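The values are calculated or read from the model by the stated rules, or taken from the named source; none is laboratory data. What you see is a predicted model, and the numbers here were worked out from it, not measured in a lab. For neighbour counting, all protein chains shown are included, and Cβ atoms are generated from backbone atoms with ideal geometry for every residue, glycine included.
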Amino acid sequence: MTTLHPVIAEVTARIVERSGDRRADYLAHIAAAGSGDGTHRQHLSCGNLAHGFAGCEAHDKAALRAGRTANLGIVTAYNDMLSAHRPYERYPELIREVARQAGITAQVAGGVPAMCDGVTQGREGMELSLFSRDLIAMATGVSLSHDMFDGALYLGICDKIVPGLLIGALSFGHLPAAFVPSGPMPSGIPNEQKSKVRQAYAEGTATRAELLEAEAASYHAPGTCTFYGTANSNQMLMEIMGLQLPGSSFVPPDTPLRDALTVEAVRRVAALAGPGPQHLPLGHIVDERAIVNGVIGLHATGGSTNHLLHLVAMARAAGIELRWDDFDALSAVVPLLARVYPNGYADVNQFHEAGGMAFLIDQLLAAGLLHEDVQTLAGPGLSRYTQVPELDEAGTLTWTPVAKVSGNRGVLRGMDEPFRADGGLRLLAGNLGRAVIKVSSVPEDRMLIEAPAIVFHDQDEVKKAFERGELNRDFVAVVRFQGPRAMGMPELHKLTPTLGLLQDRGHRIALLTDGRMSGASGRVPAAIHVTPEAESGGPIARVRDGDLIRLDAENGRLDVLVDEAELAAREPATADLSAHHVGMGRELFGLFRANAVAADLGAGVL
């Protein structure tokens with residue numbers, strides 16, 4: 001048996017100790033919620049129960065009325081604007097039919113909102129994006145509040161949706177559960193080709209029609225976007241944490257194998273929801289070891305920086321106190337084994353074809369870099385997740401051991417030849433506060449940037465300054481008043497083509513912001529999620545144009561090179577954000593902005 005790496009063991013032990021009282025309270029809560037004999041709906045009054053099955057077809061109504069077998073709640077984020085969620089339209093009927101075959105029932109418990117960051121990038125709606133995570137968690141709670149259910153199936157893929165579903169699901173952690181993915185769309189035009197058109201458009205050498213053609217050739221079919229942003233990082237996390245079936249993250253939608261995996265997920269939850277030794281609540285799967293495995297997966301794949309917010313919040317929902325310092329300590333010992341666009345040329349389909357999650361988990365387990373002794377949807381032990389799903393000649397779902405050699409060393413490698421010796425996410429700290437940086441695709445000669453600050457209060461101001469020819473020099477773009485209390489911590493993707501172009505011209509460029517850049521961030525050094533944020537009077541609000549900023553990713557430092565007494569004496573800048581608090585639904589989220597916690601605590605209200 002492989003010995004667990006001492007740093008993994010040490011960080012896990014630290015989290016267990018830190019979380020002791022909170023985790024104990026959580027486990028006591030779900031134990032109380034799950035106590036009692038029989039199905040949950042047997043405790044409802046006749047009027048409650050009659051309302052609960054009134055709309056069902058005859059067979060399901062009879063079963064629900066009898067109350068002797070499990071009823072699974074389906075919480076769905078289906079809508080047909082999100083390409084990743086479009087395949088979910090037909091899932092409820094498939095799930096209901098499989099449940100009937102298993103001698104139980106299933107009902108759609110409720111729907112949750114599901115917005116697309118790809119549609120709202122650079123728009124007012126992006127300022128609702130992060131808070132939609134907590135709203136989704138609340139909607140999940142409302143969906144399951146009828147107490148009709150003995151297990152749950154969560155249908156969600158994208159950025160804030162999976163974290164929100166899991167936070168909500170953990171409030172019902174006494175229920176056995178599975179996350180059910182739908183898979184990525186087919187590969188479109190090469191990512192590098194799309195990136196070049198975006199940059200050409202930013203430079204003014206490509207037309208809008210040319211840019212739209214490139215984008216439409218990239219995002220072109222039902223399924224998840226194929227770059228390795230937050231949506232696909234979500235899928236990696238759900239698999240490495242044991243909440244999805246082995247090998248299910250990146251199987252294409254609307255295929256026989258995808259349907260077979262969905263069927264098996266229903267059957268697994270049906271088994272786990274029954275009485276006896278197989279009964280396994282979700283809250284027992286998501287423990288400190290599973291959370292650490294998730295962090296390790298992020299490092300090994302160069303996953304989305306958004307999970308330095310989301311995974312902290314998800315862990316907290318399970319009574320677990322995860323900190324950025326834990327990410328940083330684990331990053332030092334976990335090698336980067338995958339390069340998926342924007343950290344490489346390949347997309348998630350190529351990653352999957354090269355061996356995907358099964359190969360990654362097999363390599364990490366063999367090196368003692370994952371907790372194997374965890375509970376999972378597939379059964380005890382993470383080694384089950386080194387198996388690859390396939391259909392035999394009879395159409396039966398089977399799993400076979402993954403090959404020990406990568407099918408494409410350009411996208412996925414073993415422990416003997418990692419892309420880099422450490423993970424792709426790091427903690428920065430200094431007199432500007434704390435921040436995180438993704439370094440997996442930052443050039444080695446850009447790991448240290450020291451340059452004058454140019455201060456902005458809006459990402460559009462950066463683009464305008466570029467168009468005026470004011471940015472053809474070395475500088476650090478300080479884009480502040482973007483945090484959760486200021487305007488909901490939007491993604492700042494509009495900055496990427498402009499800053500990338502300036503870096504390609506030879507300028508030494510960096511970004512410093514209390515906003516977000518997701519898994520789609522890449523080559524330009526970006527100190528993001530700066531906390532305390534400007535709206536809370538953090539040091540970033542004291543930076544002035546021309547101040548020298550030192551961003552040192554190698555040594556984890558983030559400083560403004562100003563005398564400490566002078567910095568402390570400066571009045572923090574203020575910003576009139578009223579225009580960002582009205583319109584496009586933003587006036588509905590004032591309560592969220594006023595009560596959001598700091599970025600390093602999850603940047604939400606839950």
Evaluation of E10 against (1) within 30 Å of D422 (Cα to Cα); (2) surrounded by fewer than 16 Cβ atoms within 10 Å (Cβ to Cβ); (3) within 26 Å of the chain's Cα centre (by Cα); (4) at pLDDT below 95 (one fails), failing number: (4)
Filter result (among the hydrophobic types (A, V, I, L, M, F, W, C) and at pLDDT 90 or above) within the stretch 13-45: A13, I15, V16, A24, L27, A28, I30, A31, A32, A33
Residue within the stretch 285-308 that is under 13 Å from the mean Cα position of the chain (by Cα), assigned by TED's automatic domain parsing to the domain that holds A137 and without any contact (Cβ under 8 Å) to a residue 40 or more places away in the chain present: yes
Cβ-Cβ under 7 Å pairs, at least 6 apart or on other chains, the stretch 333-349 side outside the structural domain of T496 (by TED's automatic domain parsing) and without any contact (Cβ under 8 Å) to a residue 40 or more places away in the chain, far side surrounded by fewer than 24 Cβ atoms within 10 Å (Cβ to Cβ) and among the acidic types (D, E): none
Failed criterion for L365 (all others in (1) at pLDDT below 95; (2) surrounded by fewer than 22 Cβ atoms within 10 Å (Cβ to Cβ); (3) not charged (D, E, K, R) hold): (1)
Index of the failed condition, A84 passing every other in (1) of a type in the set (G, A, S); (2) part of a helix (DSSP H, G or I); (3) closer than 14 Å to L155 by Cα: (2)
Any hit, the stretch 371-387, residues being of a type in the set (A, V, I, L, M) and under 20 Å from Y228 (Cβ atoms): no
Of the criteria (1) in a helix (DSSP H, G or I); (2) under 20 Å from the mean Cα position of the chain (by Cα); (3) surrounded by 24 or more Cβ atoms within 10 Å (Cβ to Cβ), which one I95 fails: (2)
Close pairs from the stretch 71-82: first without any contact (Cβ under 8 Å) to a residue 24 or more places away in the chain, partner basic (K, R) and not in a loop (DSSP other than H, G, I, E, B), Cβ under 8 Å, at least 6 apart: D80/R86
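Does the stretch 497-517 contain any residue that is touching a Ser or Thr at 6+ places or on another chain (Cβ under 6 Å) and closer than 30 Å to V597 by Cβ? Walk me through it before giving the result.
So in the stretch 497-517, the residues touching a Ser or Thr at 6+ places or on another chain (Cβ under 6 Å) come out as none.
For the stretch 497-517, residues touching a Ser or Thr at 6+ places or on another chain (Cβ under 6 Å) and closer than 30 Å to V597 by Cβ: absent.
Hey, among the residues in the stretch 398-419 that are of a type in the set (V, I, T) and in contact with an Asp or Glu (Cβ under 9 Å, 6 or more places away or on another chain), which one's farthest from Y385 (Cα to Cα)? Reasoning before the result, please.
Step one: list which residues in the stretch 398-419 are of a type in the set (V, I, T), which gives 398, 400, 402, 405, 411.
Keeping just the survivors that are in contact with an Asp or Glu (Cβ under 9 Å, 6 or more places away or on another chain) gives 398, 400, 402, 411.
On the way: T398: 13, T400: 10, V402: 9, V411: 20 Å.
Among them, the one singled out is V411.
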Of the criteria (1) within 24 Å of the chain's Cα centre (by Cα); (2) surrounded by fewer than 22 Cβ atoms within 10 Å (Cβ to Cβ); (3) at positive phi, which one G537 fails: (1)
Hits in the stretch 123-136 (condition: in contact with a helix residue (DSSP H, G or I) (Cβ under 9 Å, 6 or more places away or on another chain) and over 24 Å from P184 (Cα atoms)): E124, G125, E127, L128, F131, D134, L135
Positions within the stretch 582-600 being farther than 17 Å from D514 by Cβ and assigned to a loop (DSSP other than H, G, I, E, B), in sequence order: V582, G583, M584, G585
Residue selected from the stretch 418-433 under the condition of a type in the set (A, V, I, L, M, F, W, C) and buried (at least 18 other Cβ atoms within 10 Å of the Cβ), by the criterion nearest to H580 (Cα to Cα): L432
Filter pass, S35 being more than 23 Å from the chain's Cα centre (by Cα) and either outside any helix (DSSP H, G or I) or in contact (Cβ under 8 Å) with a residue 60 or more places away in the chain (or both): yes
Residue selected from the stretch 548-606 under the condition over 28 Å from L130 (Cα atoms) and small (G, A, S), by the criterion surrounded by the fewest Cβ atoms within 10 Å (Cβ to Cβ): A565
Flag if V543 is buried (at least 20 other Cβ atoms within 10 Å of the Cβ) and either at positive phi or out of contact with any His (no Cβ under 9 Å at 6 or more places or on another chain) (or both): yes
Scope the stretch 192-228; condition in contact with a Leu (Cβ under 9 Å, 6 or more places away or on another chain) and of a type in the set (A, V, I, L, M, F, W, C); matching residues: V197, A200, A202
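Let's see how each residue does on (1) touching a strand residue (DSSP E or B) at 6+ places or on another chain (Cβ under 8 Å); (2) closer than 22 Å to G118 by Cα:
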{"residue": "R473", "(1), (2)": "no, no"}
{"residue": "V476", "(1), (2)": "yes, no"}
{"residue": "P484", "(1), (2)": "no, yes"}
{"residue": "P497", "(1), (2)": "no, yes"}
{"residue": "G500", "(1), (2)": "no, yes"}
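Of the residues that make up the stretch 56-75, is at least one surrounded by 20 or more Cβ atoms within 10 Å (Cβ to Cβ) and under 30 Å from D326 (Cα atoms)? Write out each step before concluding.
Initial filter on the stretch 56-75 (surrounded by 20 or more Cβ atoms within 10 Å (Cβ to Cβ)): 63-64, 70-75.
Pick out the ones that are also under 30 Å from D326 (Cα atoms) and you get none.
The answer is no; no qualifying residue exists.
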Strands (runs of 3 or more DSSP E) contained entirely in the stretch 434-523, each with at least 2 residues that are touching a His at 6+ places or on another chain (Cβ under 7 Å) and either free of Cβ contacts under 8 Å to residues at least 12 places away in the same chain or crowded, with 21+ Cβ neighbours inside 10 Å (or both): none
Pair list, Cβ < 8 Å and 6+ apart or interchain, from the stretch 572-591 residues that are under 12 Å from G125 (Cα atoms) to residues that are among the aromatic types (F, W, Y) and in a helix (DSSP H, G or I): F589/F131
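The rows are residues; the columns are (1) more than 30 Å from V543 (Cβ to Cβ); (2) of a type outside the set (A, V, I, L, M); (3) over 27 Å from the mean Cα position of the chain (by Cα).
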site: E393; (1), (2), (3): yes, yes, yes
site: G410; (1), (2), (3): yes, yes, no
site: G423; (1), (2), (3): no, yes, no
site: M447; (1), (2), (3): no, no, no
When residues of the stretch 310-334 are limited to those that are outside any helix (DSSP H, G or I) and of a type in the set (A, V, I, L, M, F, W, C), the one nearest to G168 (Cα to Cα): A318
Failed criterion for N349 (all others in (1) polar (S, T, N, Q); (2) in a loop (DSSP other than H, G, I, E, B); (3) over 17 Å from the mean Cα position of the chain (by Cα) hold): (2)
